[in-house]
């Protein structure tokens, strides 16, 4: 969808409570990837198709929107020599001033040389569509075929590539096979193994590294998130639950993920006998359509907690070093042996499958939560005898 049509609609590629990647001014912790793109530009080896990979929420979209802005605003390096044989200056940074016309047009969602494609919003159903369709991708061909009014480069960003259905993926493949001059296609992917091998083979891959703890909190600050009010233990919770994903961390901060984490640990701490009053209170707090986004965060947190629990009895120094005292106490009581860890791993996978299915078919959240904790109680009682 062209940028100027996004204005009144929610954007799938934007975390609520944070700026859209196109409007994020400061990218943290991805200097190596920035240098690789800058080198490709300066050496005139800028491939037409790029696959940008790495864990979700570490800055892939921010990087590519920054580079797209740079491409639109920067003349190509290596042009004709000047009168005295002097070579044109090479770019030394991807940074573009916020006052640059391209920056202002992107902020106003009116930049004609950049096309962003993501899962569209169904206004009638008030929800995002399940996939990027072939109709969405067909706009890429027409967008690339139009002559640029300013003679500049044309950039398409698909976020994320694995959201494309089969027909859309095949349409992208055709674009990659016959790219027009001065056009660039960026595919952002959290799980590139899900993409067609032929798509991967026609793209140059740039892999972003997970953020370290310092960069993680710098990125949260850059996104306008107040981290000063968080205690040391809450910061450790954020790192544990988000696995360094700034996007996930913002969701957890804005949608009570840290509180749900504490409530889940409290209930698990009551095992092997389920505390039904706490479980019912949690279930009731997440009932109703107005709580749909928080329910999704709750399921995400529960999934992370259960997988951390299953790994607890293994010799994983990094996991243990990050655990809080409360988490260590709860996990140690529930998962004492590798055999118990296998039981919890099976339970974690079963719960993940059941809750996501229940969410997809709109089962009552309260009933789903109660059923989930009853099954976890069964697992806890079995593990108590291992």
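The values are calculated or read from the model by the stated rules, or taken from the named source; none is laboratory data. Because the structure is predicted, anything quoted here is derived from the model rather than measured. So basically every Cβ, Gly included, is an ideal-geometry build from the backbone, and we count neighbours across all protein chains shown.
Couple of notes before you dig in:
- Qualifying residue in the range 221-236 (condition: assigned by TED's automatic domain parsing to the domain that holds residue 333 and over 20 Å from the mean Cα position of the chain (by Cα)): no
- Test: residue in the range 88-105 that is farther than 18 Å from residue 68 by Cα and either without any contact (Cβ under 8 Å) to a residue 40 or more places away in the chain or not assigned by TED's automatic domain parsing to the domain that holds residue 66 (or both): yes
- Complete set of residues in the range 52-70 that are touching a strand residue (DSSP E or B) at 6+ places or on another chain (Cβ under 6 Å) and either crowded, with 23+ Cβ neighbours inside 10 Å or in a helix (DSSP H, G or I) (or both): 52, 60, 61, 64, 68
- Residue check, residue 348 at pLDDT 90 or above and out of contact with any helix residue (DSSP H, G or I) (no Cβ under 8 Å at 6 or more places or on another chain): no
- Residue within the range 114-130 that is more than 24 Å from the chain's Cα centre (by Cα), in the same structural domain as residue 37 (by TED's automatic domain parsing) and surrounded by 20 or more Cβ atoms within 10 Å (Cβ to Cβ) present: no
One line per residue, one yes/no per condition, for (1) closer than 17 Å to residue 48 by Cα; (2) buried (at least 21 other Cβ atoms within 10 Å of the Cβ); (3) not assigned by TED's automatic domain parsing to the domain that holds residue 45:
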position	(1), (2), (3)
154	yes, yes, no
168	no, yes, no
179	yes, no, no
212	no, no, yes
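- Number of the condition not met by residue 22 [criteria: (1) closer than 23 Å to residue 202 by Cβ; (2) outside any loop (DSSP other than H, G, I, E, B); (3) modelled with pLDDT under 95]: (1)
- Residue check for residue 229: surrounded by 19 or more Cβ atoms within 10 Å (Cβ to Cβ) and at pLDDT below 95: no
- Flag if residue 167 is at pLDDT below 95 and at negative phi: no
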